[in-house]
Amino acid sequence: YRKYYEEIDPTTAEYLYKQVVKQLEESKEVLDYAAAYSGMKPKQAAGIFEQMTDNLNLVARILGVMNAEERGEILGAMDPEVAAKLTKIMDPES
């Protein structure tokens, strides 16, 4: 990878580097959210997530880093319509 980055345009390399740094920072933030929601009762976390219908992508990212059991308990406590939308967003084949 190093050779590749040395050969590309410096502006492009800088852009790619900034994107990677941003993703790493964002990932830590999502992991922090996941840890916080994992510590809640599933019904409580589900209630908060259901209020976030304007940002279901964030909810899906948070749920996506939780273990399957925690994710299942929270989705099971949610309104079925919202849980279905989140499941579609999290679908790895879409």
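The values are calculated or read from the model by the stated rules, or taken from the named source; none is laboratory data. Fair warning: this is a prediction, and the values are worked out from it, not measured in the lab. Cβ sites come from the backbone with ideal geometry, for glycine too, and all protein chains shown count toward neighbours. Side chains are part of the model used for accessible areas, which takes the heavy atoms of the whole protein and leaves out ligands, DNA and RNA. Shrake-Rupley method; radii C 1.70, N 1.55, O 1.52, S 1.80 Å.
Side notes on the structure shown:
- Which listed residue is at pLDDT 95 or above and either open to solvent by 30 Å² or more (accessible area, probe 1.4 Å) or over 13 Å from the mean Cα position of the chain (by Cα) (or both), from GLY64, GLY76: GLY76
- Check on ALA46, open to solvent by less than 100 Å² (accessible area, probe 1.4 Å), under 17 Å from ALA84 (Cβ atoms) and modelled with pLDDT of 95 or more: yes
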